[in-house]
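Q: Below you'll find the structure I mean.
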Amino acid sequence: MICPVCKSDMIVVEYNNIELDHCNDCHGVWFDSTELELLLTSMNLENQTLLLDDMLKSPEAESSEKKRKCPICRKNMKKTTIGEHPGVLVDVCPLGHGLWFDGGEMAQLLKHLIGKQPAGQGAQEQITGFLGEVFKAEA
């Protein structure tokens, strides 16, 4: 798959039996249509507001950021904000093929979701492990 930002070849990274497409150059990540929900469920971070169908119905976010093309269908993706203040701006394929997170945006979203979890669930350890393994980042 080709990165919608820098046009480099992306690599496939597997985490908890979920295959993500990751760009080693710009550190963006592509989630196919159900992969984000699967990832959040595997980390015990279920969040119904992050369903792809809901993002497709939400209004377009205002942004000066250049439109990205879906790596599957090549149509311009819709900009939408997920999460709460500060929200994370992501790109959503209008045909429902998936979501694009620019480098660092997935970490922002996961940190936001961790903050909403009750204490004692090991969520901090899971996010640290996930980010370290998949994105070579620190929580």
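Taken together, the values in this text are just the output of simple stated rules run on the coordinates, not laboratory data. Bear in mind that the values here come from a model prediction, so they are computed numbers and not experimental data. Using ideal geometry, Cβ is built from the backbone for each residue, glycine included, and neighbour counts are taken over all protein chains shown.
Q: Go through Lys75/Lys111; Lys7/Lys67; Lys66/Lys111 and tell me which ones have a Cα-Cα distance over 23 Å in this structure. Can you show the working numbers first?
A: Working: Lys75/Lys111 30 Å; Lys7/Lys67 14 Å; Lys66/Lys111 25 Å.
Beyond 23 Å: Lys75/Lys111; Lys66/Lys111.
Q: Still on this structure, please answer the following. Cut-off 12 Å, label point 7 angstrom out along Cα-to-Cβ of Leu38: give me the residues of region 1-19 whose amide nitrogen falls inside.
A: 13-19
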